[in-house]
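These notes are about the structure you will find just below.
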2 protein chains.
Amino acid sequence: MNKTIYDVAREAGVSMATVSRVLNGTAVVKDETKAKVQAAIDKLGYRPNAVARGLASKRTKSIGVVLPDVSDLFHAEVLRGIEDIATMYQYHIILANSDAREDREIDLIGTMWEKQVDGLIFISERITPNIVKTFELAQLPVVLCATDDPEGRIPAVSIDNKLAGTDATNYFLHLGMDKIVFLGGPTTHPITMERLAGYERALAESGRELDTTLVLHAKDQHYEAGYKISNEFLDAGHTADAVVATSDELVLGYLNAVRDRGGKAPDDVLLLSFENTRLTTMIRPELTTIAQPTYDLGAVSMRLLTKLLRGESIEEYTVLLPHSILERTSTKR
Amino acid sequence: MNKTIYDVAREAGVSMATVSRVLNGTAVVKDETKAKVQAAIDKLGYRPNAVARGLASKRTKSIGVVLPDVSDLFHAEVLRGIEDIATMYQYHIILANSDAREDREIDLIGTMWEKQVDGLIFISERITPNIVKTFELAQLPVVLCATDDPEGRIPAVSIDNKLAGTDATNYFLHLGMDKIVFLGGPTTHPITMERLAGYERALAESGRELDTTLVLHAKDQHYEAGYKISNEFLDAGHTADAVVATSDELVLGYLNAVRDRGGKAPDDVLLLSFENTRLTTMIRPELTTIAQPTYDLGAVSMRLLTKLLRGESIEEYTVLLPHSILERTSTKR
DNA sequence: ATGAAAGCGCTAACAC
DNA sequence: GTGTTAGCGCTTTCAT
């Protein structure tokens with residue numbers, strides 16, 4: 001496979017410029033010579049070297065994806081959406097895990113620049129001023145994905161988290177639930193705070209007081225953290241009629257804490273979560289969720305990025321994907 | 001950030017070769033000049049262009065990872081292992097999903113060559129002669145990961161699937177179980193067949209007949225397929241004392257089929273699966289599994305690849321990672 | 001419609 | 001210990 005464009009040119013009896021033209025369709029080539037070139041390519045089994053091409057053209061056809069952790073189901077599904085659209089547009093993915101650490105994130109933006117990616121899709125828990133500064137320094141087209149944009153200055157694809165928080169809470173309110181727990185990530189997690197704001201709004205609109213003992217902030221969005229804080233909540237003698245949790249794993253933590261005490265869902269508590277990963281239907285009871293279009297979050301981000309790369313004008317900087325409530329057995333009595 | 005090495009050289013009053021040397025530590029440079037160069041780099045905010053570097057050195061410091069589907073939890077965890085070790089050795093990951101389709105896999109090996117990756121980690125359900133041929137054509141260092149090697153000619157990191165199948169079955173046999181279901185992927189899936197061979201061996205060694213109605217082949221390794229075939233099995237009036245399933249999702253399918261009929265685990269049936277993804281502890285009952293070192297499968301593969309890349313001699317082509325049985329509540333009465 | 005030639009930004013001999 | 005000089009394999013003017 002290690003032939004060069006020059007070998008093909010000689011084999012076909014044309015110049016390398018012509019070979020380049022048929023390869024890229026960058027100019028009109030007579031059908032006859034095109035055929036000759038194609039024949040030479042096939043004969044030699046020639047494959048263009050993307051690195052050389054990248055250096056010469058200054059476009060690498062690869063895009064960077066920075067996310068906290070691929071082994072998190074939500075991210076993995078988003079990534080799959082990114083990948084599929086990238087493939088469709090002939091882009092490749094350079095993947096990097098940040099563990100949601102700002103220093104790693106900033107570092108990775110730099111290495112993505114070094115790799116000369118054409119653009120970047122960035123999934124993070126928290127966009128800080130330092131990160132924004134690094135984006136500007138790197139002069140990379142960036143799309144934020146499933147990530148709250150601080151000042152709305154960076155193109156982003158997300159859902160309306162505050163509204164979703166309100167919808168989730170109202171859903172339980174309409175069901176006549178009284179003690180509704182909000183179970184989210186830490187207070188430093190903007191998405192959690194958005195959803196919490198929605199929760200508070202729904203309570204206020206229904207004329208209720210906010211009971212802060214019902215607001216639970218887990219260490220992070222994962223199962224273990226949810227399980228831990230739920231146990232603490234229940235051990236303290238508290239109970240709840242319903243739980244709104246910001247991730248599928250968190251709500252599973254609550255569910256199992258209840259189960260470990262001999263309780264059941266939906267009999268003893270109604271459960272609702274926010275991600276709609278495949279987890280929701282793999283467990284019993286199946287989970288009612290705010291259906292975030294996980295895959296689409298990635299797919300739309302990538303599509304937006306291709307527009308940016310083609311220099312198309314973007315009407316809206318922040319794309320809010322619609323969410324909906326998917327009722328499953330975890331909220332049916 | 002778009003300075004070149006030449007700018008740095010001029011700023012520091014040295015040649016670009018010297019800058020390259022301090023950048024790569026490829027030759028001894030006087031401390032004094034080294035400091036000058038470093039100062040220039042810092043002042044200009046210079047970052048080396050990895051593409052140019054790749055073209056000149058013929059090493060890109062990136063490795064390709066081809067796997068069926070990132071959004072599969074098992075693959076995502078393996079990928080995380082790969083990524084961590086890759087980062088440690090300063091490699092980057094170019095990721096591609098194959099959907100386990102041979103044509104895509106072959107195609108992707110080609111595009112990975114075009115991208116000039118230094119090496120390839122390949123996760124597949126099935127290594128065909130065509131794939132092996134493409135590996136040879138591409139002349140890429142390849143490590144198979146969690147993938148059955150047909151002729152043992154390609155470096156691979158895996159577990160001893162047959163032995164694991166035997167261990168799993170014996171575990172139930174020792175527990176006095178009688179009707180043990182084997183629930184796996186399709187018969188075209190080599191890993192399923194290896195584990196099935198282990199299952200059959202264990203039965204034979206205990207002097208039992210193989211009851212083929214207890215051998216279930218789902219369409220694939222996913223939850224939905226497991227749920228479907230389990231329902232068919234139960235609808236046909238069959239029952240089982242215990243289930244050995246080749247993936248965590250498959251066994252969840254069986255569990256939920258039983259539950260939908262009012263049954264319970266471990267009360268009515270004991271369950272054991274094979275992957276030990278995070279799923280196993282997120283559900284109730286927690287699943288007893290053959291603990292495949294998921295993360296390590298990726299990590300060790302990547303480590304093996306770095307050895308290959310450094311031209312180190314490899315003692316053993318096939319690395320078999322140890323497995324063990326992790327007893328959890330799904331097999332405790 | 002095609003060819004010649006100049007880079008892209010770096011590494012790696014080869015000199016000194 | 002440091003500088004000079006070819007390339008790496010391609011794209012892209014600029015001619016023709």
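Could you work out the relative contact order of region A:5-48? I mean the mean sequence separation of Cα pairs under 8 Å and 6+ apart, divided by the number of residues, in percent. Could the numbers behind the result be given before it?
Working: 35 pairs, mean separation 19.1, N = 44.
In percent, rounded to a whole number, it is 43.
Hey, what number do you get for chain A at 222 nm if only DSSP H runs of n ≥ 4 count, each worth -39500 (n - 2.57), divided across all residues, to the nearest 500?
On the way: 13 runs with 154 residues, N = 333.
That calculation yields -14500 deg cm²/dmol at 222 nm.
Calculate the dipole size of the protein assembly as shown relative to its Cα centre from +1 charges on Lys and Arg beta carbons and -1 charges on Asp and Glu beta carbons; express the result in debye to the nearest 20. All intermediate terms of the calculation are to be shown ahead of the outcome.
Values: 74 positive and 94 negative charges, 511 e Å.
Dipole magnitude for the protein assembly as shown comes out near 2460 debye.
Among the listed pairs A:LYS307/B:LYS3; A:LYS133/A:LYS219; A:LYS307/B:LYS228, which have their C-alpha atoms separated by more than 32 angstrom in this model? Show your work: numbers first, answer last.
Numbers: A:LYS307/B:LYS3 27 Å; A:LYS133/A:LYS219 28 Å; A:LYS307/B:LYS228 41 Å.
Listed pairs above 32 Å: A:LYS307/B:LYS228.
Along Cα→Cβ, 7 Å out, is where each label goes; now give me the distance between the ones at B:THR128 and A:ASP107 in nm to one decimal.
Going by the 7 Å Cα→Cβ label model, 4.2 nm.
Give the residue from B:GLY226, B:THR246, B:THR329 lying farthest towards the positive end of the charge dipole for region B:215-333; charges sit on Cβ (+1 for Lys and Arg, -1 for Asp and Glu) and the dipole is referred to the Cα centre.
B:THR329
Convert each backbone phi in region A:79-88 into a coupling constant with the Karplus relation 6.51 cos²θ - 1.76 cosθ + 1.60 (shift: θ = phi - 60°), then list the ³J(HN,Hα) values in order as whole Hz, x for Gly and Pro.
4, 4, x, 4, 4, 4, 6, 4, 4, 4
How about region B:213-262: which trypsin sites (Lys or Arg not before Pro) there are in a DSSP loop, with at most 12 other Cβ atoms within 10 Å of their Cβ? Don't jump to the answer; show the numbers that get you there.
On the way: sites: B:LYS219, B:LYS228, B:ARG259, B:ARG261; in loops: B:LYS219, B:ARG261.
Those satisfying the criteria are B:LYS219, B:ARG261.
Taking only the C-alpha atoms, wrap a convex hull around region A:161-292 and report its volume per residue in Å³ as a whole number. Working shown, then result.
Numbers: hull volume 12.2 nm³, N = 132.
Dividing the Cα hull volume of region A:161-292 by its residue count gives 93 Å³.
Quote to one decimal, in nm, the extra length available between B:ALA17 and B:LYS307 on full extension: 0.36 nm per residue of separation minus the C-alpha distance between them.
Numbers: separation 290, 0.36 × 290 = 104.40 nm, distance 2.87 nm.
Net length gain for the segment: 101.5 nm.
Report, in whole Å, the centroid distance computed from the Cα atoms of region A:250-269 and region B:1-50.
The distance from the Cα centre of region A:250-269 to that of region B:1-50 comes to 60 Å.
Can you tell me the dipole magnitude for chain B around its Cα centre, using point charges on the Cβ only (Lys, Arg +1; Asp, Glu -1), in Debye to the nearest 20? The partial results should precede the final answer.
On the way: 37 positive and 47 negative charges, 346 e Å.
About 1660 debye.
Could you give me the ³J(HN,Hα) list for region B:215-228, computed from phi with Karplus coefficients 6.51, -1.76, 1.60 and θ = phi - 60°, whole Hz, x at Gly and Pro?
9, 10, 10, 7, 5, 8, 8, 9, 3, 4, 5, x, 5, 5
Could you list which residues have their amide H under 5 Å from that of B:LEU183, counting only those 5 or more apart in sequence or on another chain, with H placed in the peptide plane?
B:LEU216, B:VAL244, B:ALA245, B:THR246
Residues with beta-carbon under 14 Å from that of A:ALA9, excluding A:ALA9: net charge, scoring Lys, Arg +1 and Asp, Glu -1?
Working: positive: A:LYS3, A:ARG10, A:ARG21, A:LYS34, A:LYS36, A:LYS43; negative: A:ASP7, A:GLU11.
My count for the surroundings of A:ALA9 gives +4.
Mind listing the long-range amide H neighbours of B:THR289? Cut-off is under 5 Å, sequence gap 5 or more, other chains count too, H placed in the peptide plane at 1.01 Å from N.
Under 5 Å from the amide H of B:THR289 lie the amide H atoms of B:SER273, B:LEU326, B:ARG328, each far enough along the sequence or on another chain.
For chain A, the longest stretch holding no GluC sites (Glu not before Pro) located in a DSSP loop with at most 12 other Cβ atoms within 10 Å is which? Don't skip to the end; give the middle numbers.
On the way: sites that count: A:GLU151, A:GLU209, A:GLU312, A:GLU315, A:GLU316.
Longest gap between qualifying sites, sites excluded: A:1-150.
With θ set to phi - 60° and the Karplus curve 6.51 cos²θ - 1.76 cosθ + 1.60, what are the ³J(HN,Hα) couplings of region A:30-37 in order, to the nearest whole Hz, using x for Gly and Pro?
After applying 6.51 cos²θ - 1.76 cosθ + 1.60, I find 4, 3, 4, 5, 4, 5, 4, 4 Hz.
Could you pull out the chymotrypsin sites (Phe, Trp or Tyr not before Pro) across region B:43-95 that fall in loop regions by DSSP (anything but H, G, I, E, B) with no more than 15 other Cβ atoms inside 10 Å? Please report the intermediate quantities before stating the final value.
Numbers: sites: B:TYR46, B:PHE74, B:TYR89, B:TYR91; in loops: B:TYR46, B:TYR89, B:TYR91.
When the chymotrypsin sites (Phe, Trp or Tyr not before Pro) of region B:43-95 are filtered for loop state and at most 15 Cβ neighbours within 10 Å, B:TYR89 remain.
Peptide B:83-91: average number of partner chain Cβ atoms within 10 Å per residue?
Numbers: counts 6, 2, 0, 2, 5, 0, 0, 1, 0.
Average per residue, whole number: 2.
Which distances, shortest first and in nm, link B:ARG101 to the matching position in the other copies, using label points set 7 Å out along Cα to C-beta?
3.9
Testing the spin-label approximation: label points 7 Å from Cα along Cα→Cβ at A:GLU315 and A:LYS264. State their distance in nm.
5.1
What trypsin sites (Lys or Arg not before Pro) does region A:1-90 have in DSSP loop regions with at most 15 other beta carbons within 10 Å? Kindly include the intermediate steps, with their values, before the conclusion.
Numbers: sites: A:LYS3, A:ARG10, A:ARG21, A:LYS30, A:LYS34, A:LYS36, A:LYS43, A:ARG53, A:LYS58, A:ARG59, A:LYS61, A:ARG80; in loops: A:LYS3, A:LYS30, A:LYS58, A:ARG59, A:LYS61.
Answer by residue number: A:LYS30, A:LYS58, A:ARG59.
Note the full-extension length gain between B:GLU136 and B:HIS174 as 0.36 nm times their separation in residues minus their Cα-Cα distance, in nm to one decimal. The partial results should precede the final answer.
On the way: separation 38, 0.36 × 38 = 13.68 nm, distance 4.62 nm.
Length gained, B:GLU136 through B:HIS174: 9.1 nm.
Check A:ALA156: other-chain or 5+ apart residues with amide H under 5 Å from its amide H, H built from backbone geometry?
Long-range HN contacts for A:ALA156: A:LEU144, A:THR318, A:VAL319.
From a point 7 Å beyond the Cα of A:ARG208 in the direction of its Cβ, which residues of region A:173-189 have a backbone N at a distance under 18 Å?
A:173-184
Using the alpha-carbon centroid of each, what span in Å lies between region A:230-246 and region A:128-185?
24
No value in this document is a laboratory result; all are computed from the given coordinates. Every value quoted in this text rests on a predicted model; they were computed, and no experiment measured them. Don't worry about glycine lacking a Cβ; one is built from the backbone with ideal geometry, like all the others, and counts go over all protein chains shown.
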